[in-house]
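Let me begin by presenting the structure, written as structure tokens, before commenting on it.
The values are calculated or read from the model by the stated rules, or taken from the named source; none is laboratory data. Computed from a predicted structure; not experimentally measured. Cβ coordinates were reconstructed from backbone atoms using ideal geometry, including for glycine residues, and neighbour counts include every protein chain displayed. SASA here: full protein model, heavy atoms, side chains in, ligands and nucleic acids out. Shrake-Rupley method; radii C 1.70, N 1.55, O 1.52, S 1.80 Å.
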Amino acid sequence: MTRDELTGDISANPALRRVLERVGGSELLDLLAEGLPGADLTTLLLEVFRRRAERISPPEVMRRYRGDRFVSPAPVSFAALRRAEDALFSALPDGFEVLVLAPVLPLAAHSAVATVDPRKVVATVRGSEVAADPTNALALEASLRRSAALAADPRSSALIRLAASQRVVRAQQFDDPGMLAHFQLFGLVTAGRDTGGRSFEQQQLTEHLQFAARALAAAGARRTWIRLTCLAEAASPVIDQVCRDLTALSDVEVSEDPDRTSGRGYYTGLCFKVYADIAGRELEIGDGGFVDWSQLFTGNRKERLLISGFGVDRLAETGLGVGGTAGVVTAVGSNGEYSFTKPNRASIRLLAGLGVEGDVHAGVTVKHRSRVAQDPTQPNLRQVHLIQAELFAELAGDGFDVAPGDLGENITTSGIDLLGLPVGTLLRIGGEAVVEVTGLRNPCLQIDNFQDGLLKQVVGRDEAGNLVRKSGIMSVVRVGGVVRPGDTITAELPEGPHRPLDRV
């Protein structure tokens, strides 16, 4: 492949040729690219941009703001983006450390170890470049930590698990006119050492893909597809084992995609794509695979690195994670005796018209003792109690230690706005069970007996002075079935005018 004689570019670049012809040839380009030390080039460019900035008026700034695709605000709402991020964070496996990444990286961080054209990355005049993918920064940090581990023990197999959500910028033009030059990506990396038998590859790939399935379920995907592509014959047994490891995932289809063309040369060994069912369409949400970056950064061929990236904007814009009407079960519990708390279980069985099998509050008529004292013939509208796990995080910020089951709920959820659902909403849980929302739990003084002062935290007033009850919702079982942690929850809102929840 020949280079352009004037520009030195492998491919023809008419714009660069035009500029070089104007300034007298390629000597200036050679001087700026290779002849000046980095600090001197920065000094020169800072002065160039200072002078240019001095000539720009406020109206010109406004004109550029209107037309510059790099600076336009994202069309996705902050609330939708945040909910999509929450679904991803809630699904992270134990052991992952979440980092707040810097917005810039060292120059060539995206191209020195990967097949990325540097012109697709936004460089700065200070010899750095704007983040184009969180996995590059995570890989650098993971390699730094692995280098420290290897310095202490040359055979260290300590795993480094890092994650981050980052707004990134890419300079290439996109075919879709609705695509911006900046968007949010959620990235994961796992770094470690080759321990033989490709055990690192099999175990870590399984963990990343299980995360993807959980995250999309928490965001409300009805179905998830994982497509695995083998890039080297030696990686084929890894795919076979991972497929077996993922067979237990509900509403997830895992298959091989030998015809994939993208990512070859970027990934090594094997790679994958993750798709989700969004409004009946199969759309790509995630991408990942093994790369040799940590080997190049550390100079150690035994190093292994797995990266994954997920489009947060795509999740938010397409409706996954938006509106709080989809989520995931994080814990289940039951108690055969009257007690304020319910012990966590591996699973519970819901019985149509009754409640949770073996639970003291199951039955056709009311079983809560205060209600029984008033009228034991009342219908039982409190068969299944659900609480949002987000409440526990809120309480933790106020100094309270509350875990799933502590407040007596049968099902703990994540990613779904339980309190915002209307009366009559049907919650489809896992592959079988369906419950109908009847109202709000009315917390009582027993909560203060559990932890002093807790009642004031779960009962308050909004800005309009209306009473707000935060301790979950009540429901009745319409269709029975087994419910387990990790099951998806989707809400089917009732037709007609919606009636807000009140205590039952």
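By the rule of a C-alpha distance below 20 Å, with chain neighbours fewer than 8 residues away ignored, the lysines paired with LYS470 are LYS342, LYS456. One chain, two ends: ASP117 and SER262. Fully extended at 0.36 nm per residue, the span grows by 50.7 nm beyond their Cα-Cα distance. Here the Karplus relation 6.51 cos²θ - 1.76 cosθ + 1.60, evaluated at θ = phi - 60°, turns the backbone of segment 47-52 into coupling constants of 5, 4, 6, 5, 5, 5 Hz, with x for every Gly and Pro.
Using the charge dipole of segment 395-480 (Lys, Arg: +1 at Cβ; Asp, Glu: -1 at Cβ; taken about the Cα centre), state which of GLY399, LEU426, ILE411 has its Cα farthest towards the positive end. Toward the positive end, the furthest listed residue is LEU426.
Summed over qualifying helices (DSSP H, 4 residues or more, each -39500 (n - 2.57)) and divided by its residue number, the chain shows a 222 nm mean residue ellipticity of -8000 deg cm²/dmol.
May I ask for the Kirkwood hydrodynamic radius of segment 405-504, worked out over all distinct Cα pairs and given in angstroms to one decimal?
Values: mean 1/r = 0.0680 Å⁻¹.
It is 14.7 Å.
Compared with the dominant Cα axis of the chain, that is its longest principal axis, helix 199-219 is turned about 60°.
With a 1.4 Å probe and all protein chains left in place, how much of the accessible area of the chain comes from carbon and sulfur atoms, in whole percent? It would help to have the intermediate numbers written out before the result.
Values: 13020 of 25260 Å².
Answer for the chain: carbon and sulfur cover 52 percent of the accessible area.
Applying the criteria of a DSSP loop state and at most 12 other Cβ atoms within 10 Å to the GluC sites (Glu not before Pro) of segment 395-504 yields GLU463, GLU495.
The stretch between SER77 and GLN172, if pulled fully straight at 0.36 nm per residue, gains 31.8 nm over its current Cα-Cα span. Remark: C-alpha extents of segment 327-388 on the principal axes read 34, 23, 21 Å, sorted largest to smallest. Rounded to the nearest Hz, the phi-derived 3J(HN,Hα) couplings of segment 429-444 under the Karplus curve 6.51 cos²θ - 1.76 cosθ + 1.60 (θ = phi - 60°) are 10, x, x, 10, 5, 9, 10, 10, 6, 10, x, 8, 6, 9, x, 10, where x marks glycine and proline. Its residue count N sets the reference 2.2 N^0.38 Å, and the alpha-carbon radius of gyration of the chain equals 1.18 times that reference. The distance between label points at SER156 and GLU34 comes to 3.9 nm (points 7 Å beyond Cα on the Cα→Cβ vector). Relative to the longest principal Cα axis of the chain, at what angle does helix 134-152 sit, 0 to 90 degrees, rounded to 10? Helix 134-152 and the main axis of the chain meet at about 90 degrees.
Between amide H atoms placed 1.01 Å from N, distances below 5 Å from LEU231 occur with GLY269, LEU270, CYS271, all of them 5 or more places distant or on a separate chain.
Once both labels are positioned 7 Å from their Cα atoms along Cα-to-Cβ, the gap between ASN466 and PHE450 label points is 2.5 nm.
Starting from the Cα gyration tensor of segment 141-281, take the square roots of the eigenvalues, sort them a ≥ b ≥ c, and report rounded, prolate or oblate (rounded when a/c is under 1.5, otherwise prolate if a/b is larger than b/c, else oblate). Oblate is the answer for segment 141-281, as a/c is 1.5 or above yet b/c matches or exceeds a/b. The phi torsions of segment 334-351, fed into the Karplus equation with coefficients 6.51, -1.76 and 1.60 and a -60° offset, translate into couplings of 7, 8, x, 10, 5, 7, 5, 9, 10, x, 5, 10, 5, 6, 9, 10, 8, 10 Hz, rounded to whole numbers, with Gly and Pro shown as x. In nm, give the distance between the simple-model label positions of GLU233 and ALA108, each being 7 Å from the Cα along the Cα-to-Cβ direction. Spacing of the two 7 Å Cα→Cβ label points: 3.5 nm.
Could you order peptides 450-461, 135-146 by the average number of other Cβ atoms within 10 Å of their residues, highest first? List each step's numbers first, then the result.
Working: 450-461: 14.8, 135-146: 23.3.
Per-residue Cβ counts within 10 Å, averaged per peptide and sorted highest first, yield 135-146, 450-461.
So what is the accessible area of the chain per residue, in Å², with the probe set to 1.4 Å? Please list the in-between numbers first.
Working: 25260 Å² over 504 residues.
Accessible surface, normalised per residue, equals 50 Å².
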